[in-house]
Amino acid sequence: MKKLITFIKINKTGVILLKIIVSGTPGVGKHTISIEISRLLNGIPILDINRVVLSENLLTPSACGNEVNIEKTFNSLKLILSANEYDDSIIVGHLAPYVVDPLLVDFIIILRRSPYELKKIYEIRSYSKKKIYDNIVSEILGIISYDFLKKFNKKDISELEINENVLPYVSAQKIVDMHANKNLREFGIIDWLPVIQSDPQMVKFLM
């Protein structure tokens with residue numbers, strides 16, 4: 001039987017907050033886990049940042065192709081998240097630390113995944129060599145976690161390792177429990193450097 005957690009945070013105006021960011025390097029399983037979290041929390045809506053960017057044409061031409069307009073995306077998401085429809089919501093995307101107002105959310109979960117698993121996923125997705133390189137480096141160095149710390153309260157952030165041997169529902173339940181109980185949150189423990197340092201093929205990503 002699925003366990004439903006109902007402990008929630010209330011802001012200064014007395015409005016109930018249940019806005020959770022699910023972020024992490026591409027390929028970690030953000031959307032799969034978000035669907036399971038939504039099921040555990042009475043089907044609250046999922047807001048996909050990438051879909052918002054594409055549907056509202058929030059891209060800016062650059063020398064390297066189209067790039068996300070951070071300021072416009074930030075303002076657009078702020079407006080969307082202020083609507084009653086998203087009073088309770090799950091916000092998904094690796095761009096979250098750059099385009100979501102910290103005042104609008106009460107919990108951030110950053111999914112982490114072994115660089116070895118990610119490499120397999122990227123190859124299946126036919127990512128370019130550069131895209132594989134950029135994302136593997138980002139995961140090894142924990143770039144997204146670091147960028148969240150720049151803007152968000154560390155007490156509101158947690159990391160969770162995702163791997164192919166753990167069912168998405170199990171990971172989702174851990175996240176819901178973390179939202180309810182801050183003592184269950186962990187940050188800065190996951191470190192891929194000791195895992196890859198003896199592997200020349202993986203270390204080359206950092207050279």
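Largest GNM mean-square fluctuation among I121, I140, I49, using the chain with Cα springs under 10 Å: I121.
Which entries of K120/K155; K130/K174; K72/K120; K120/K204; K120/K182; K30/K119 have Cα-Cα distances beyond 27 Å here? Walk me through the numbers on the way to the answer.
Values: K120/K155 33 Å; K130/K174 33 Å; K72/K120 34 Å; K120/K204 16 Å; K120/K182 33 Å; K30/K119 16 Å.
Listed pairs above 27 Å: K120/K155; K130/K174; K72/K120; K120/K182.
Just to be sure I understand: with springs between alpha-carbon atoms less than 10 Å apart, which residue in A172, A83, A180 has the highest mean-square fluctuation in the Gaussian network model of the chain? Result: A83 has the largest fluctuation of those listed.
Relative to the longest principal axis of the Cα atoms of the chain, the long axis of helix 30-40 makes an angle of roughly 30 degrees.
Return the percentage of antiparallel bridges among DSSP beta bridges fully within the chain, rounded to the nearest 5 %. If you can, show how the numbers build up before the last one.
Details: 6 of 25 bridges.
For the chain, the DSSP antiparallel bridge percentage is about 25.
Starting from the Cα of Y116, step 7 Å toward the Cβ, then list every residue of region 163-202 with an amide N under 19 Å from that point. Taking a point 7 Å out along Cα→Cβ of Y116, the residues of region 163-202 whose backbone N falls under 19 Å are 163-167, 190-202. Segment K155..F187, full-extension length gain: 10.6 nm, with 0.36 nm per residue of separation and the alpha-carbon distance subtracted.
Using a cutoff of 8 angstrom between alpha carbon atoms and counting only pairs six or more residues apart, the relative contact order for region 15-206 works out to 30 percent.
The local environment of L111, defined by Cβ-Cβ distances under 9 Å, has a net charge of +1 under the rule Lys, Arg +1 and Asp, Glu -1.
Spin-label model, L59/S126: points 7 Å from Cα along the beta carbon direction are separated by 1.8 nm.
Obtain the radius of gyration and the Kirkwood radius of region 15-206 from its C-alpha atoms and give Rg over Rh. Here the Rg-to-Rh quotient is 0.96.
On full extension of the chain, what length is gained from I70 through D48, given 0.36 nm per residue of separation minus the C-alpha to C-alpha distance?
Numbers: separation 22, 0.36 × 22 = 7.92 nm, distance 1.52 nm.
Roughly 6.4 nm would be gained on extension.
Extending 7 Å from the Cα toward the beta-carbon at both I143 and A180 defines two label points whose distance is 3.6 nm. Note the angle between two axes, namely the Cα long axis of helix 70-81 and the longest principal axis of the Cα atoms of the chain, as a number of degrees from 0 to 90, rounded to the nearest 10. The answer is roughly 30 degrees. Summing Cβ point charges (Lys, Arg +1; Asp, Glu -1) relative to the Cα centre of region 41-190 gives a dipole of roughly 440 debye.
With a 10 Å Cβ neighbour count serving as the proxy for reagent exposure, in which order, fewest first, do L206, L47 appear?
Details: L206 12, L47 20.
If I rank by nearby Cβ atoms, fewest first, I get L206, L47.
Bear in mind these aren't lab numbers, they're just calculated from the coordinates by the rules spelled out. Predicted model only: the values in this text are computed from it and were never measured. Please note: Cβ atoms are built from the backbone with ideal geometry, for glycine as well, and neighbour counts cover all protein chains shown.
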